[in-house]
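Here's the structure we're looking at; comments come further down.
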Amino acid sequence: MKAKKLSVIAHGGAGSSNEHSDGTKKAIQACYAASQNNAGLLHSVAQAVVILEDDGRYNAGKGSHARENGKVEHDAAIMDSDGRFGAVAAMEGFKNPIQAAKAVSETKYQILAGEGAAKFAGDQDLEPTQLQTVPGGGKDFSTSPSTDTVGCVAFDGTTFVAALSTGGMVGAHYGRVGDVPIIGSGLYVGSNGGVAVTGDGEAIMMKITAYRAYELIQKGDSPQAIVDEVINWFPLTDAFGIILVTRKGSAGGSNRSMAWSSQEYD
Ligand code: GLY
């Protein structure tokens with residue numbers, strides 16, 4: 001049977017080490033493998049994010065930063081060009097928050113938060129986890145405190161999908177929610193492309209970053225020109241990175257180090 005085409009790009013977060021791009025490569029390979037199994041692109045992109053959440057070197061899933069009270073809360077979101085969007089915010093206790101976000105996208109809701117999100121994830125039989133943390137934001141994992149959100153964007157010739165997952169900012173107030181579950185801030189997908197960003201969530205949401213990057217896609221700018229322009233919206237003091245896929249191709253970049261990988265499978 002002929003292989004199905006796929007354009008896919010994944011990142012390990014603004015501030016993640018370039019040396020950790022073996023993990024983002026593994027993520028895009030997982031996305032491709034799932035897409036070849038007729039999994040559906042939403043599922044395939046979620047599989048890529050599961051790999052990044054399980055890696056432990058990125059600020060998502062197992063590697064998530066702790067809040068000021070030592071606990072770990074996750075934000076995650078997924079969106080496709082067929083009009084699906086699902087997100088969880090400030091959710092504790094589950095190994096793969098992206099799977100909870102994907103499950104929300106299949107309900108009549110768009111975002112579930114806090115204890116309600118955790119109850120929902122439990123009802124979906126998602127795998128629980130207890131991350132070992134210590135008060136003050138420290139914890140037993142090796143994620144750099146300056147590392148941010150992971151993400152993946154893909155296009156199979158018909159549908160675009162983007163997904164994000166994060167433990168948020170290290171030492172932030174518990175209950176703090178960043179850009180990830182806010183549509184048009186951390187991610188946006190339309191019929192001409194998908195955008196996923198990473199970095200300082202407060203700065204990202206105040207600029208409605210992903211939606212405005214998508215407007216540049218609509219205007220017909222090239223992927224690399226959009227990446228260069230959007231990075232320039234952020235001063236160097238605000239960590240920022242972006243990946244995107246359009247009908248013209250894909251591009252990614254950051255104003256600091258960032259592990260990322262992309263592949264066009266024909
Ligand atoms: N960009 C992720 C966050 O600020 O929570």
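The values are calculated or read from the model by the stated rules, or taken from the named source; none is laboratory data. Note that the structure is a prediction, hence the values are computed from the model and not measured. Backbone-built Cβ (ideal geometry, glycine too); neighbour counts: all protein chains shown.
Annotations
- Taking (1) part of a loop (DSSP other than H, G, I, E, B); (2) under 17 Å from Val180 (Cα atoms) in turn, Asn69 satisfies each apart from (2).
- Number of positions in region 6-17 that are within 20 Å of Val170 (Cα to Cα) and either outside any loop (DSSP other than H, G, I, E, B) or away from the ligand (no atom under 16 Å from the Cβ) (or both): 2
- Of everything listed in (1) crowded, with 22+ Cβ neighbours inside 10 Å; (2) over 15 Å from the mean Cα position of the chain (by Cα); (3) closer than 27 Å to Val170 by Cβ; (4) in contact (Cβ under 8 Å) with a residue 60 or more places away in the chain, the single unmet condition for Ser35 is (3).
- Qualifying positions in region 140-157 - at pLDDT below 95 and of a type in the set (Val, Ile, Thr): Thr143, Thr147, Thr149
- Breaking point among (1) assigned to a helix (DSSP H, G or I); (2) crowded, with 18+ Cβ neighbours inside 10 Å, for Gly194: (1)
- One residue stands out among those in region 162-191 that are aliphatic (A, V, I, L, M) and surrounded by fewer than 24 Cβ atoms within 10 Å (Cβ to Cβ): the one that is nearest to the ligand (Cβ to nearest atom), which is Met169.
- Given (1) more than 17 Å from the chain's Cα centre (by Cα); (2) buried (at least 19 other Cβ atoms within 10 Å of the Cβ); (3) modelled with pLDDT of 95 or more; (4) among the β-branched types (Val, Ile, Thr), index of the condition Val104 fails: (1)
- Failed item in (1) touching a helix residue (DSSP H, G or I) at 6+ places or on another chain (Cβ under 9 Å); (2) modelled with pLDDT of 95 or more, with Ile208 passing the rest: (1)
- Whichever residue in region 38-51 is assigned to a helix (DSSP H, G or I) and either among the aliphatic types (A, V, I, L, M) or within 23 Å of Ala172 (Cβ to Cβ) (or both) and, among such residues, is farthest from the chain's Cα centre (by Cα): Leu41
- Residue within region 65-78 that is away from the ligand (no atom under 16 Å from the Cβ) and either farther than 27 Å from Ala239 by Cβ or crowded, with 24+ Cβ neighbours inside 10 Å (or both) present: no
- A single member of Ser35, Ser7 is more than 17 Å from Gly61 (Cα to Cα), in contact with a Gly (Cβ under 9 Å, 6 or more places away or on another chain) and among the polar types (S, T, N, Q), and it is Ser7.
- Counting residues in region 214-236 that are within 14 Å of the ligand (Cβ to nearest atom), within 16 Å of the chain's Cα centre (by Cα), at pLDDT 95 or above and surrounded by 16 or more Cβ atoms within 10 Å (Cβ to Cβ) gives zero.
- Close Cβ contacts (under 7 Å, 6 or more residues apart or on different chains) running from residues in region 219-237 that are part of a loop (DSSP other than H, G, I, E, B) to residues that are surrounded by fewer than 22 Cβ atoms within 10 Å (Cβ to Cβ) and not aliphatic (A, V, I, L, M) comprise Ser222/Lys248; Trp233/Lys207; Phe234/Asn255; Leu236/Asn255.
Residue by residue, here is whether (1) at pLDDT 95 or above; (2) within 14 Å of the chain's Cα centre (by Cα); (3) of a type outside the set (Phe, Trp, Tyr) holds:
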| site | (1), (2), (3) |
| --- | --- |
| Met1 | no, no, yes |
| Leu6 | yes, no, yes |
| Glu53 | yes, yes, yes |
| Phe94 | yes, no, no |
| Glu115 | yes, no, yes |
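- Count of residues meeting criterion [more than 21 Å from Gly186 (Cβ to Cβ), touching a His at 6+ places or on another chain (Cβ under 9 Å) and charged (D, E, K, R)] in region 23-79: 1
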